[in-house]
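First the structure, in the form of structure tokens, and then the observations on it.
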Amino acid sequence: MTTLIKNQDVRTIAAGILATRATAALPQTATGNIFTVSGGRIMIVSLTGWVTTVMGATATTLSVGLTPTVGTSSATSLASATAVTSKEVGTHFSIGSTPGSALVVGSNAGAPVQSTGHAAWVINTGSITVTTSASDTGSVQWDLIYIPLDNGAQVSPA
């Protein structure tokens, strides 16, 4: 039996395009870029993180932001700071349903987190960033599902 529609095709049709940033260490008491939006506006359908290396015991918070390349170019909060201290491998993070609300952090690897679903947010070109409050161990893989709003809009891992 031939499969005409593959899993990734179903996701793209139902939700949007997937951009994945390979696992990387968190920035150390700093802000780091995770995705670059170029060519026009996009609608964020879902932005999730997945812990791939355990977070250390140092008290650390993580927030997600956007630094646009248009307008005043001032940073905007996509998800406000939430504790990620000692999170185990497999724990998920997600932006909330309202821009600037607290980062949703699973209690452990078995805990589900809700993604924004189809309540898409429109954002301009720029950098999607993460900011930590302390220097800590831990690595996260980030997945962004988006729909191009303008012709030529695209997302690439930073």
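Once you keep just the Cα pairs under 8 angstrom separated by 6 or more residues, what percentage relative contact order results for segment 24-157?
Details: 402 pairs, mean separation 61.2, N = 134.
Relative contact order for segment 24-157 comes out at 46 percent.
Taking the structure as given and computing Cα extents along the principal axes in Å, which label from [x] 46, 37, 22; [y] 50, 46, 24; [z] 49, 40, 30 fits?
[y]
At a 10 Å Cβ-Cβ cut-off, how would you order 11, 21, fewest neighbours first? Please list the in-between numbers first.
Values: 11 13, 21 19.
Ordered by Cβ neighbours within 10 Å, fewest first: 11, 21.
Cut-off is 10 Å between beta-carbons; in what order do 6, 87 appear when sorted fewest neighbours first?
On the way: 6 9, 87 24.
Least to most surrounded, the residues fall as 6, 87.
Once both labels are modelled 7 Å past Cα along the beta-carbon direction, what's the residue 86-residue 139 spacing in nm?
Calculated label separation equals 2.3 nm.
Based on DSSP H runs of at least 4 residues, each adding -39500 (n - 2.57), what is the mean residue ellipticity at 222 nm of the chain after dividing by all its residues, to the nearest 500 deg cm²/dmol?
Numbers: 1 runs with 8 residues, N = 158.
After summing the helix terms and dividing by residue count, I get -1500 deg cm²/dmol.
Could you please rank 9, 143, 136, placing first whichever residue has the fewest other Cβ atoms within 10 Å of its Cβ? Provide the component values of the computation, followed by the final result.
On the way: 9 11, 143 17, 136 21.
Going from sparsest to densest Cβ surroundings: 9, 143, 136.
Which one, 70, 54, 45, has the greatest fluctuation when you compute a Gaussian network model over the chain with C-alpha springs under 10 angstrom?
Top of the fluctuation ranking is 70.
Rounded to the nearest 0.05, what FRET efficiency is calculated for residue 23 and residue 151 with R0 set to 30 Å and r the Cβ-Cβ distance? Mind dumping the intermediate values first?
On the way: r = 32 Å, r/R0 = 1.06.
Given R0 = 30 Å and the Cβ-Cβ separation, E is 0.40.
Work out, step by step, the length gained on full extension between residue 98 and residue 67: first 0.36 nm times the residue separation, then minus their alpha carbon distance; give nm to one decimal.
9.4 nm
Residue separation times 0.36 nm, minus the C-alpha to C-alpha distance between residue 74 and residue 7: what's the value?
Details: separation 67, 0.36 × 67 = 24.12 nm, distance 3.79 nm.
That works out to 20.3 nm of additional length.
We did not get these values from a lab; they are worked out from the coordinates using the rules stated. Keep in mind that what you see is a predicted model, and the values were worked out from it rather than measured. Glycine gets a Cβ as well: all are built from the backbone with ideal geometry, and neighbour counts include every protein chain shown.
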